[in-house]
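All remarks here apply to the structure that follows.
The values are calculated or read from the model by the stated rules, or taken from the named source; none is laboratory data. Note that the structure is a prediction, hence the values are computed from the model and not measured. Neighbour counts run over all protein chains shown; Cβ positions are idealised from the backbone, glycine included. Quick note on the areas: whole protein, heavy atoms, side chains included, nothing else; ligands and nucleic acids left out. Shrake-Rupley method; radii C 1.70, N 1.55, O 1.52, S 1.80 Å.
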Amino acid sequence: MEDRTRPAERSRILTVNGGSSSLKFALFDRERPTSRTATGRIERIGSAGARLVAVGEDGERRDEPVEARDQGAAAEVLIDWLSRGVGLAAVAAVGHRVVHGGGRYSRPEPVTDAMLAELHWLGPYDPEHLPGEVALIEAFGRLDPAPPQIACFDTAFHHDLPRVARIIPIPRRFEALGVRRYGFHGLSYTYLMEELERLDGPDAARGRVLLAHLGAGASLAGVRGGRPIETTMGFTPTSGLVMATRSGDLDPGLVRFLSRTEGLSVDEFHAMVNGQSGLLGVSETSSDLRDLLARQAEDVRAAEAVELFCHRVKTGLGAMAAAVGGIDFLIFAGGIGENSPEARRRICDGLEFLGVTLDDDRNAVGDGRISTDSSDVTVRVVRTDEEVVIARAAARLLDDRAA
């Protein structure tokens, strides 16, 4: 007898968003790729405290310890959860967030053997993310039968940056190795631009738009005429703004200085600027802005970390405004951008000369428009949704294949 507790065959799209130590996933209705039917995450991958936290289509919540030594093992946990829930036969496609697509990939594409080979080659570009993301793709590729897989690249949004914004000013010969500024958070920025058009119309999306994705990873992007003009992250996601544990932009002379004075190797320096710096390094206590805001009154280190973060975002917005020729819209997103009224206030304080005026009451609520009615710049808080962007892309590619 047919099992009617499970969805119809090939009726779901699975989105997979792998981080350095976490994996977020969601199921979407293939016919309505903005409609989530289940969601979850695997936390603390690589540690003894790894956990699966998920809510299935039947509403059942699971929160339990799992064995997940790496992203490949986490994929096996997810596959087991799918098998016990909707069933693997329900999955029409798996859409993956891939942080780095190098210079080749400018749009979502089906995963092929050639793409996997290229992603393996690109691994050194982003060793914190790419190897784990490839492991996730390969784990689903071993299923029999394997569902189609779609790669959605964070760098694709910035693929056509003006050439002057792509150049890294070191000897030109290194450009042949792919050394250029790529930009990241592209799936988030894609969603924010789609939401801006939905909320304020096509003319708004063709205006001068500054996007601020502020979370554990943080970056800014400037868009004009619907096209990206500038962004803060460059060759890797380590560059740009101060972040939770990443340093952002540094004087390259520090590499030699710390090598000579502290004996730091290249790998040790890399580990420091990615995992021990930013808010954590300055505060010496926490990488979470919420913790630092709570401690800033009695801990000068926390206060300085908060001040530095807001200062760097503010100066970055000023530079971004210069690159796009002014501001019509400023959009905050990401964990900090969406949830910290104080951070938004401190970032925007002093930007009145650019036409930015916040409404304190609206900012405190933090949803929708947070600027005053008289502000020359419309400032919005938009809850970004990278998974929806992935699900939509996968649905489009499935439809194209069926046509």
Could you work out how far apart the two model spin labels at residue 396 and residue 319 are, taking each label as a point 7 Å from the Cα in the direction of the beta carbon, and quote it in nm?
3.1
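Please compute the per residue accessible area over region 260-386 with all protein chains in place, 1.4 Å probe, rounded to a whole number of Å².
Details: 6080 Å² over 127 residues.
With the other protein chains kept in place, region 260-386 gives 48 Å² per residue.
Would you mind calculating the gained length between residue 146 and residue 104 on full extension (0.36 nm times residue separation, minus the Cα-Cα distance), in nm to one decimal?
On the way: separation 42, 0.36 × 42 = 15.12 nm, distance 2.52 nm.
Contour length minus the Cα-Cα distance gives 12.6 nm.
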In whole Hz, with x marking every Gly and Pro, tabulate ³J(HN,Hα) for region 254-271 from phi via Karplus 6.51 cos²θ - 1.76 cosθ + 1.60, θ = phi - 60°.
5, 4, 5, 4, 6, 5, 6, 8, 10, x, 5, 7, 4, 5, 5, 5, 4, 5
What is the mean projected area of the alpha carbon convex hull for region 78-137, to one decimal in square nanometres?
4.7
What number, in nm² with one decimal, is the all-direction average of the projected area of the convex hull of the alpha-carbon atoms of the chain?
22.2
Can you give the convex hull volume of the alpha carbon atoms of region 31-91 per residue, in Å³?
87
Calculate, for residue 311 and residue 83, the FRET efficiency according to 1/(1 + (r/R0)^6) with r their C-beta to C-beta distance and R0 51 Å; round to the nearest 0.05.
0.55
If I histogram all Cα-Cα distances within region 339-403 using bins 10 Å wide from 0, what percent of pairs lands in each bin?
20, 35, 16, 17, 11, 1
Environment charge of residue 341, counting only residues whose C-beta is closer than 15 Å and scoring Lys/Arg +1, Asp/Glu -1:
+1
Under 5 Å, built H, 5+ apart or other chain: amide partners of residue 95:
14, 15, 16, 150
Over the chain: helical MRE at 222 nm, DSSP H runs n ≥ 4 each giving -39500 (n - 2.57), nearest 500
-11500 deg cm²/dmol
Bounding extents of region 58-162 in its principal axis frame from Cα atoms, largest first in Å, are 48, 27, 26
Ranked highest first by the average count of other Cβ atoms within 10 Å around their residues, in what order do 118-126, 131-139 fall?
131-139, 118-126
What is the log10 of I(q)/I(0) for region 259-336, computed with the Debye formula using one identical point scatterer on each Cα and no solvent, at q = 0.13, 0.14 Å⁻¹?
-0.58, -0.65
Around residue 114, under 15 Å between beta carbons, what's the net of Lys plus Arg minus Asp minus Glu among the other residues?
-3
In the chain, carbon and sulfur make up what percent of the accessible area (probe 1.4 Å)?
49
